[in-house]
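Below: one structure, written as C-alpha cells.
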Amino acid sequence: MKIRFVVFALLATVSLQAQDLEPRGKVKDPKNFKDKAHNTFLSKRMQEATAQRDSLNLLVKAFVKDTTERGNQYRDLNGRFDKLTEDHKALTEKHLALEKDFNDMNDKYTELIRSSLNKTEQLNMALKEKGEQLLAREKRLAELEDLIRRQDSITNALNNLIKKALLSFNSDEISVEMKNGKVYVSMTDKLLFRSGSADVEEKGKEAIKKVAEILNKNKDIAIMIEGHTDNIPIKTAQFEDNWALSVARSTNIVRLLDETYKVDAKRLTAAGRGEYVPKASNETAEGRAKNRRTEIILTPNLNELYKLIEKK
C-alpha cells in the first residue's frame with residue numbers, strides 16, 4: 001500500500017508540474033538588468049526543474065512499469081502459491097490415507113507372519129515327529145533285515161547239515177530243499193512205508209534217526225510232519241480214505257521221534273494233507289510216486305522275529 005501511495009503522489013506532482021509551464025516569480029516585463037538577470041536565473045532554474053521533472057517522470061514511468069510487472073509476477077506467484085497450497089493439501093490427505101492403508105496392511109502382514117510362524121512351527125514339529133517315526137521304522141527295518149539274515153543263515157546251515165547227514169540215501173528216496181525260510185525233508189513212501197500201511201520201515205527209521213540227531217542238537221527248530229498221498233482211492237479196514245492214511249503216517253513218525261529218538265514233543269506237530277497238496281501230476285505213475293511222501297518241515301524259532309514285527 002505504501003509503495004502505491006508514493007507512486008500516485010509522484011504521478012500527481014509530475015502532472016501538476018507539466019501543467020505549470022511558467023516559473024513562479026518571473027517578471028513579465030523586465031526593465032532593467034536586475035529583472036532580466038532574475039528572469040534568466042528563473043529560466044535556468046526552470047530548465048533544471050524541467051530536466052529533473054522529465055528525469056523523474058522517466059523514473060516514475062520506469063517504476064510504474066516495474067511495479068506493474070512485479071505486480072503481475074506477484075499475482076502469478078501468488079496464484080502458483082495458492083495452487084501449490086491446494087496441491088499440498090491434497091497430497092497431505094493422500095499421504096494420510098496411504099499412511100492409514102500402510103498401517104492396516106502392516107498390521108495384516110504382521111498377523112500373517114505370526115500365523116505363518118505358528119504354522120511353520122506346527123509343520124516343523126510334524127516333520128520332526130515324522131522324521132523320528134521314519135528313523136524308528138528304518139531302525140526297525142534294519143533289525144528285521146538283520147534278524148532275517150540270521151534266520152536265513154541258521155536255515156541254510158540246517159539245510160546243509162541235513163543234506164550231509166542223509167547223503168547215504170538215494171535221491172529218489174529223500175530230497176532236501178530250502179524254501180520260504182524253512183527246510184523241507186521229503187521222504188517217499190518207498191523209503192518209509194509199504195503200500196497202504198502206516199508202519200515205518202527199518203530203512204525209514206534209519207533216515208528219521210539221522211534227522212532226529214540233528215534236531216536234538218538244535219533245539220530252537222520247530223518240526224512239522226505232513227503226510228501226503230496220491231489220488232488213487234483207498235478203503236481198508238484200518239483206513240477209510242487217503243486222508244486217514246496220511247494222518248496215521250505223520251502221527252506214527254511224530255511218535256517215533258518223541259518216544260524212540262527223544263525229540264521234545266512240544267516241538268512236534270503232525271498233519272495229514274491226503275491227496276490235496278500234490279507235488280506232481282497224478283496222471284502218471286511217476287507223478288503219483290512223487291506225491292506219496294512224508295515231509296518233515298523244519299522251521300527255525302521265529303519268536304524274536306514275531307516280537308520285532310509286533311513292536312510298535
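The values are calculated or read from the model by the stated rules, or taken from the named source; none is laboratory data. Keep in mind that what you see is a predicted model, and the values were worked out from it rather than measured. Don't worry about glycine lacking a Cβ; one is built from the backbone with ideal geometry, like all the others, and counts go over all protein chains shown.
In table form, for the structure just shown:
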{"quantity": "Residue tally, condition out of contact with any Leu (no Cβ under 8 Å at 6 or more places or on another chain) and closer than 16 Å to LEU298 by Cα, over segment 157-173", "calculated": "8"}
{"quantity": "Any hit, segment 170-178, residues being assigned to a loop (DSSP other than H, G, I, E, B), in contact (Cβ under 8 Å) with a residue 24 or more places away in the chain, within 23 Å of LYS217 (Cα to Cα) and in contact with a Lys or Arg (Cβ under 8 Å, 6 or more places away or on another chain)", "calculated": "no"}
{"quantity": "Residue, farthest from the chain's Cα centre (by Cα), within segment 111-146, restricted to residues that are charged (D, E, K, R) and within 30 Å of GLY181 (Cα to Cα)", "calculated": "ASP146"}
{"quantity": "Residue count, segment 111-155 (criterion: free of Cβ contacts under 8 Å to residues at least 24 places away in the same chain and either surrounded by 13 or more Cβ atoms within 10 Å (Cβ to Cβ) or assigned by TED's automatic domain parsing to the domain that holds ILE296 (or both))", "calculated": "1"}
{"quantity": "Residues satisfying the stated conditions in segment 231-255, i.e. touching a Lys or Arg at 6+ places or on another chain (Cβ under 9 Å) and outside any helix (DSSP H, G or I)", "calculated": "ASN231, ILE232, ASP241"}
{"quantity": "Some residue of segment 187-200 being under 14 Å from ARG293 (Cα atoms), basic (Lys, Arg) and not in a loop (DSSP other than H, G, I, E, B)", "calculated": "yes"}
{"quantity": "Single match in ASP264, ASP230 (criterion: out of contact with any Cys (no Cβ under 9 Å at 6 or more places or on another chain), acidic (Asp, Glu) and surrounded by fewer than 17 Cβ atoms within 10 Å (Cβ to Cβ))", "calculated": "ASP264"}
